[in-house]
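Inspection log for the structure reproduced underneath, given as structure tokens.
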Amino acid sequence: MKKLTFSIVAVFFSFLVSGQSLQVEIEGNATFDNSLFTISEAGNDFPASIKSKAAIYISIVNYNYLDKKNNKNNKWNIEINKADLIWDDNLKLEAKRKGKGHNSGKMGHSNIQGGSNFQVITNNGIEFFKGKGEIENIPIKLKLSGFSVTMGAKDFETNIVFTVYDKW
Amino acid sequence: MNLKATIRIVILLSWFPVCSYSQSNSTNHKINIEIPEVALLGLVSDGTTNINLTSTSPLEAGNSINFADTQNSSIWINYSSIIAKTNNRRKVIAMVEGEMPGGIRLMVEASNVLGTGKGKMGESAGLVALSNQPSDIITDIGSCYTGKGINNGRYLTYKLEMDKSTENYALLSQAQTSINVIYTLTDNN
């Protein structure tokens, strides 16, 4: 009977640790609303590029209690891609990490690398940056270029997808 | 297969996902981009946009006053236009503010497009007589920009013409008159 109980506990434990441990969460709202599309003087086109009005903040969190306790410096990397809803191939969307965020629940510098230069976001995932452990509020800035007056007054939409992998 | 063996297999299988692949988790953020409608128009020149048009007196008795050399092409018109629907169009209209002297007509013609502009920059309406009522100067403008400054967009050629009808020639008098010409980039209605 003891062996059976142990086995059942072991099964539950194995499910516990095999579930998704790291999650990526987003806060903030980065848009390119019409107030950013200004033309300084008659005859001009738009500026070559504009930056999003606000940054978005991503956090890497671990909801797996055991994994969080035993593996505080979980290595992870973030991939970024976009999924277009209404888009024009001339538009170029880029992202960069503007800061390091902070370690979840403790002082000190967060361990995070890469992504500090603008990278073009394509429909295929590319590695954006990587880090260790839980890090909160990593600021991400977006830049848009490739638009022109000649495109007409239109709205475009795309989804930026952040994916966290528990590997380097 | 007894119970123990089954349980062992279940345990092994449940550990397998951990060992076999790295895990991932995704989230997304929608990006909205809103390009607004725009209608901007400006007049530029090397110096001032004030121009003087002066007629010359006849050299021989019996001839009419001469306006042939009375023209000016120093002003350029620049515009940026963004429209929402591709089949909508805009136009540039012009009208005179002030009273035109009797017996003469002020004409204007927009040149072909020159410079660095792009898009649907429209068509010149040709030589047009200006009055207190709006006249079309450039038509069929879509989403475009002409480029900024002189040598971009279209230059405007102003001419004075004598109104040759007998009654109106009688209205000519020696005078200096100042008028404003107002240009507007507007939707086709």
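The values are calculated or read from the model by the stated rules, or taken from the named source; none is laboratory data. Being a predicted model, the structure only gives us computed values, none of them experimental. Here the Cβ is made from the backbone with ideal geometry for all residues, glycine too, and neighbour counts use every protein chain on show. The accessibility values were calculated without ligands, DNA or RNA, using every heavy atom of the protein model including side chains. Shrake-Rupley method; radii C 1.70, N 1.55, O 1.52, S 1.80 Å.
Once R0 is set to 41 Å, what does the formula 1/(1 + (r/R0)^6) return for the Cβ-Cβ distance between B:T139 and A:W87, expressed as a FRET efficiency to the nearest 0.05? Intermediate results must be reported in sequence, preceding the final value.
On the way: r = 32 Å, r/R0 = 0.79.
Calculated value: 0.80.
So what's the angle, to the nearest 10 degrees on a 0 to 90 scale, between helix A:2-18 and the longest Cα principal axis of chain A?
Helix A:2-18 sits at roughly 10 degrees to that axis.
Going by average Cβ density within 10 Å per residue, which order do the peptides B:168-174, A:29-35, A:74-80 take, highest to lowest? The partial results should precede the final answer.
Details: B:168-174: 11.6, A:29-35: 15.9, A:74-80: 21.0.
Sorting B:168-174, A:29-35, A:74-80 by mean packing, highest first, produces A:74-80, A:29-35, B:168-174.
Calculate, for A:N111 and A:D155, the FRET efficiency according to 1/(1 + (r/R0)^6) with r their C-beta to C-beta distance and R0 45 Å; round to the nearest 0.05.
Numbers: r = 39 Å, r/R0 = 0.88.
My answer for the efficiency is 0.70.
Spin-label point model (7 Å from Cα, Cβ direction): what's the B:A68 to B:Y169 distance in nm?
1.6 nm
Describe numerically, in nm with one decimal, the distance between label points set 7 Å from Cα along Cα→Cβ at B:M95 and at B:I182.
About 0.7 nm separates the two model spin labels.
Each residue of the stretch B:176-189 in turn: what ³J(HN,Hα) in whole Hz from Karplus with 6.51, -1.76, 1.60 and θ = phi - 60°, glycine and Pro shown as x?
10, 10, 10, 9, 10, 10, 9, 9, 9, 8, 9, 5, 5, 10
When the expected Rg is taken as 2.2 N^0.38 Å, what fraction or multiple of it is the alpha-carbon Rg of chain A? Please list the in-between numbers first.
On the way: Rg = 20.9 Å, N = 168, 2.2 N^0.38 = 15.4 Å.
Its radius of gyration relative to the 2.2 N^0.38 Å reference: 1.35.
Between B:S111 and A:K53, what's the calculated FRET efficiency when r is the beta-carbon distance and R0 is 51 Å? Round to 0.05. Could you put the intermediate results ahead of the total?
Numbers: r = 40 Å, r/R0 = 0.79.
Given R0 = 51 Å and the Cβ-Cβ separation, E is 0.80.
Could you do me a favour and compute the accessible area per residue for the stretch A:21-165, 1.4 Å probe, result in Å²?
Details: 6720 Å² over 145 residues.
Per-residue accessible area for the stretch A:21-165 comes out at 46 Å².
In nanometres, what is the gap between the two model label sites at A:K98 and B:S57, each 7 Å from Cα along Cα-to-Cβ?
Reported label-point gap for A:K98 and B:S57 is 7.2 nm.
Amide H neighbours of A:K53 under 5 Å, counting only residues 5+ apart in sequence or on other chains, H built in-plane at 1.01 Å?
Under 5 Å from the amide H of A:K53 lie the amide H atoms of A:T31, A:D33, each far enough along the sequence or on another chain.
Whenever you get a sec, compute what percent of the accessible area on the protein assembly as shown sits on carbon and sulfur atoms (1.4 Å probe).
Details: 9510 of 19480 Å².
Here carbon and sulfur together make up 49 percent of the probe-accessible area.
Report, to the nearest 10°, how far helix B:3-20 tilts away from the longest principal axis of the Cα atoms in chain B, using its own Cα long axis and a range of 0 to 90°.
Result, in degrees: 30.
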